[in-house]
Amino acid sequence: MTENKHLRVLELDKVLELLAAECSCADAAELARELTPLNDPDEVRTRLSESWDAHMLVGRFGSPSFGGVKNIASSLRRAQAGGALSMLELLRVAEVLRIIRSLREWRGRCEGVVTSFDGLFMALQPNKYLEERITTSIISEEEMSDNASRELADIRRKLRLAQTKVRDQLDHFIRSATNQKYLQDSLITIRGGRFVVPVKAECRGSVPGLVHDTSSSGATVFIEPMAVVEANNEIKVWESKEQAEIERILAEISAEAGDCCDGITASYSVLIQLDLIFAKARLGYNMRASMPEVNDEGIIHFNKARHPLIDKDKVVATDIRLGEDFDSLMITGPNTGGKTVSIKTLGLLTAMAGCGLLIPVADQSRVAVFDRILADIGDEQSIEQSLSTFSSHMTNIIDIIDRADDRTLVLLDELGAGTDPIEGAALATAIIERLRSSGVRMAATTHYAELKSYAITTPGVENACCEFDVATLRPTYRLLIGMPGRSNAFAISERLGIPVDVVNRARDLVSSESTQFEEVVDSLQAARQQLEQEQEQISHLRTEAQQATAKATEQSRRIESERQRILDKAREEAANLVSRARAESNALLEELKQLKRELNSANAAELESRARSLARSRMRSLDDTADPIVKRDQSDYVLPRELRAGDSVLIVDIDKKGVVLRPADSSGNVEVQAGVIKTRVKLANLRLLEQETVTVGGKAPTYRSREKQLTAQNAQSEVDVRGLNVDEASIEVDKVIDMAVMRGLNEVRVIHGKGTGALRSGLHQHFKCHPSIRSFRLGTFGEGESGVTILELK
């Protein structure tokens with residue numbers, strides 16, 4: 001009870017109430033309110049690890065649902081003893097089983113994560129059979145489903161038939177003209193579980209039957225006509241059978257639940273523990289908390305600590321240290337400056353960590369585990385207590401001295417206050433010395449200059465102050481360790497309007513030693529502020545340098561990765577090219593061997609020509625492999641207008657200019673003259689060029705002479721007439737022969753394809769009577785064979 005008093009002073013109970021509000025189950029909320037700090041470091045680490053792992057799971061997968069389950073232990077024990085449970089109790093059992101099953105399934109979906117409390121999830125024992133047995137049998141706490149048993153479904157079917165029979169009989173009764181004059185209303189109602197009709201009171205003797213009720217006015221009596229008494233009796237029989245069957249089903253399901261009592265009860269206990277763990281995680285999220293490092297050496301180092309009960313948008317984060325370089329901390333400064341909040345934050349966060357709660361501090365914070373936390377806090381700054389008297393302070397301190405040891409954290413507020421300042425300062429110093437001799441870790445607030453001096457001159461004791469902005473008369477609530485504080489009474493009084501001469505007189509009355517001490521404190525504060533600014537600049541520059549280094553490293557890594565990828569691809573392509581070249585060369589060698597075997601004096605020249613042609617063909621194939629042509633992207637081009645005869649165009653896929661002879665037909669094919677070749681080209685494969693015109697004899701521009709110039713310059717020794725008929729092909733071949741003769745060529749190669757042979761035969765007939773052809777022959781192996789005719793010109 002005494003220990004709870006000290007924790008209440010630190011307001012741990014309010015934090016635990018916040019934790020209870022995060023719990024879904026009443027039993028888990030009760031466990032949350034009963035938490036107390038643990039004194040075993042290993043157990044504290046385990047509890048904090050559970051909270052942190054749950055914090056991680058909530059962040060990645062969301063919080064699992066516990067559904068506000070009820071404690072069903074007593075109901076299950078009664079069922080185990082042979083008692084029958086109500087439908088409401090069984091529905092609560094089914095709800096617990098549903099949540100147990102959903103928790104196991106939720107954990108199964110959290111793949112790739114291992115937590116410190118996976119054993120709790122594994123301890124959950126789902127029982128889907130019993131869960132479905134209950135939910136399919138019971139619709140609500142007052143209604144049993146027809147599916148609960150075949151007997152119940154049969155009874156209810158017969159009950160409905162009996163009810164329908166009664167209704168039909170009464171329907172006939174109220175519609176009878178003879179009976180309508182006796183009825184108050186033409187309707188059927190129920191009284192006492194039996195079907196009746198409303199009859200006028202004065203006509204009750206005219207309707208034979210049983211009276212079951214009378215209206216409040218007495219004008220209507222509800223009579224069960226004798227004709228339906230037996231049918232109503234039958235309904236009662238079926239209703240009693242229905243109730244008996246429902247009770248039998250409840251007893252049967254209750255027995256099944258009783259058989260599983262121990263497993264369900266154990267799973268419920270685990271469920272409550274999990275609810276508490278995830279409540280700690282959710283509270284940690286709300287507080288923006290983290291997990292500190294735990295030690296049993298009495299070392300506390302809170303980075304950016306925030307009091308959890310102060311509005312998170314208003315609270316000022318501060319650094320608090322104790323137990324490493326010093327075991328006692330003397331905090332000084334003006335009233336309302338945050339001294340009391342500082343020691344409360346120190347004690348409350350330590351207690352929270354002992355309870356397994358994440359605490360609102362920055363990363364790399366450290367917390368110590370103590371056997372007890374003893375606090376004497378109570379003044380007008382206290383959140384809970386009113387102004388304490390000197391005697392009550394001393395009573396608390398006596399209890400603290402009696403219980404303090406090296407596993408104790410002591411927090412003292414306004415030590416020695418409430419009495420003569422000289423005696424109070426002396427008494428405070430003596431109390432501190434006594435507590436330090438017990439090995440405690442201690443933080444105390446004071447206004448006494450003697451305690452400031454004591455902290456400066458005593459090893460293991462450190463000064464600290466709460467920063468105060470004299471210009472605005474407002475505290476900054478930052479705790480500055482290593483710096484004694486000032487009360488700032490003169491500055492505050494002067495700013496509030498105390499006459500200047502009064503304030504100056506007060507300064508004169510202060511001893512010269514005190515004045516010198518205050519001046520030293522002022523200079524130390526100025527030096528500290530300058531040092532903090534420089535450290536902030538250095539930290540900012542260091543962060544920028546680290547970011548630049550990381551960026552450069554990442555960029556270098558990406559460049560190296562890309563370089564390696566390109567090299568690997570080039571090696572792969574080179575290997576493929578070498579392999580292809582080797583295969584081609586081997587094939588070429590085989591062809592040459594074949595030609596060599598066929599070589600004789602009669603056809604030596606012809607085979608030599610075939611060999612050269614074959615070699616050129618193979619080399620072109622290798623060139624295409626080494627330097628492939630990428631097909632141009634034609635998807636975005638749109639002709640500025642429709643093509644007309646005479647337009648200059650570019651055939652995209654072969655990168656060759658031509659002249660339109662005929663516009664596009666219905667199939668989108670355009671007849672184009674490209675050099676000496678006429679061909680049909682898809683409209684999408686053409687680009688309109690600026691027209692090159694020549695003026696002839698003052699007439700309109702024409703493209704013919706330019707076409708002839710191109711033809712003369714581009715005389716060819718090969719013509720492809722595949723796709724043309726004999727007449728068209730003959731014209732094209734004649735043009736090429738004429739240009740070849742003009743250029744002095746001796747040989748022309750005509751490509752007509754194999755096909756049916758009709759085009760080849762027609763051309764050969766044409767060649768026989770052509771005046772410029774000396775002879776012609778089909779191509780040999782490597783030249784195209786029967787798909788090509790070689791012309792020798794005169």
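Rounded to whole Å, give me the distance from the Cα center of the range 443-466 to that of the range 18-64.
38
So if I place +1 on the C-beta of Lys and Arg and -1 on the C-beta of Asp and Glu, and nothing else carries charge, what would the dipole magnitude of the range 49-134 be about its Cα centre? I want it in debye, nearest 20.
Result for the range 49-134 is approximately 280 debye, rounded to the nearest 20.
Once label points are set 7 Å from the Cα along Cα→Cβ at both K200 and L639, what is their separation, rounded to one decimal in nm?
It works out to 10.1 nm between the two label points.
Would you list, by chain and number, the lysines whose Cα falls below 30 Å from the Cα of K768, excluding same-chain residues fewer than 8 positions away?
Those lysines meeting the cut-off are K678, K708, K735, K754, K794.
Rounded to the nearest 10 Å², what accessible area does T189 have for a 1.4 Å probe in the complete protein model?
30
How large is the dipole of the range 276-362 about the Cα centre if only Lys and Arg carry +1 and Asp and Glu carry -1, each at its Cβ, rounded to the nearest 20 debye?
560
What is the set of long-range amide H partners of E324 at a cut-off below 5 Å, with H atoms built 1.01 Å from backbone N?
Under 5 Å from the amide H of E324 lie the amide H atoms of I300, each far enough along the sequence or on another chain.
With a point put 7 Å past each Cα toward its Cβ, work out how far S176 is from E132 in nm, to one decimal.
According to this spin-label approximation, the distance is 5.4 nm.
Compute the normalised compactness of the range 110-233: alpha-carbon radius of gyration over 2.2 N^0.38 Å, N being the residue count.
Relative to the 2.2 N^0.38 Å estimate, the range 110-233 comes out at 1.90.
For S667 and Q594, calculate 0.36 nm times their separation in residues minus their Cα-Cα distance, and state this gained length in nm to one decimal.
Computed gain between S667 and Q594 is 21.6 nm.
Where a Cα-Cα gap under 24 Å defines reach, which lysines qualify for K304, not counting those fewer than 8 residues away within the same chain?
Result set, ordered by chain and number: K14, K280, K312, K314, K339, K344.
Quick one: length gained pulling R680 to S74 fully straight, 0.36 nm per residue minus the C-alpha distance?
208.8 nm is the gain from fully extending R680 to S74.
With r as the distance between the Cβ atoms of Q125 and S186 and R0 = 51 Å, compute the FRET efficiency 1/(1 + (r/R0)^6) and round to 0.05.
My answer for the efficiency is 0.25.
Using only Cα atoms, what is the ratio of the radius of gyration of the range 50-93 to 2.2 N^0.38 Å?
It is 1.79.
Given a Förster distance of 22 Å, report the FRET efficiency between D371 and I401 from their Cβ-Cβ distance, rounded to the nearest 0.05.
0.90
Hey, with R₀ at 30 Å, roughly what FRET efficiency would N576 and F781 work out to, going by the Cβ-Cβ distance, to 0.05?
Calculated transfer efficiency: 0.60.
On a full-extension model of 0.36 nm per residue, what is the gain between N746 and R33, subtracting their alpha-carbon distance, rounded to one decimal in nm?
Length difference between fully extended and current span is 245.6 nm.
Kindly count the pairs of lysines across the range 117-253 whose alpha carbons are less than 22 Å apart, treating pairs on different chains or eight or more residues apart as eligible.
5
At what distance in nm do the modelled label points of K768 and D168 sit from each other, each positioned 7 Å from its Cα along Cα→Cβ?
10.8
How large is the accessible surface of D508 in square angstrom, using a 1.4 angstrom probe and rounding to the nearest 10?
Rounded to the nearest 10, the figure is 110 Å².
How big is the charge dipole of the range 201-258 about its Cα centre, in debye rounded to the nearest 20, if each Lys and Arg gets +1 on its Cβ and each Asp and Glu gets -1 on its Cβ?
Roughly 260 debye for the range 201-258.
Give, as a single signed number, the net charge of other residues whose beta carbon lies under 10 Å from the beta carbon of R133, with Lys and Arg counted +1 and Asp and Glu -1.
-3
Would you kindly compute the Cα radius of gyration of the range 257-311 and its largest Cα-Cα separation (Dmax), both in Å?
Final numbers for Rg and Dmax: 18.2, 54 Å.
So what's the Cα pair-distance distribution over the range 217-268, bin width 10 Å, in %?
With a bin width of 10 Å, the distribution comes to 20, 22, 20, 16, 12, 10, 1.
The values are calculated or read from the model by the stated rules, or taken from the named source; none is laboratory data. What you see is a predicted model; the values in this text were computed from it and never measured. Note: ideal-geometry Cβ built from the backbone for every residue, glycine included; neighbour counts use all protein chains shown. Side chains included, ligands, DNA and RNA excluded: accessible areas come from the protein's heavy atoms. Shrake-Rupley method; radii C 1.70, N 1.55, O 1.52, S 1.80 Å.
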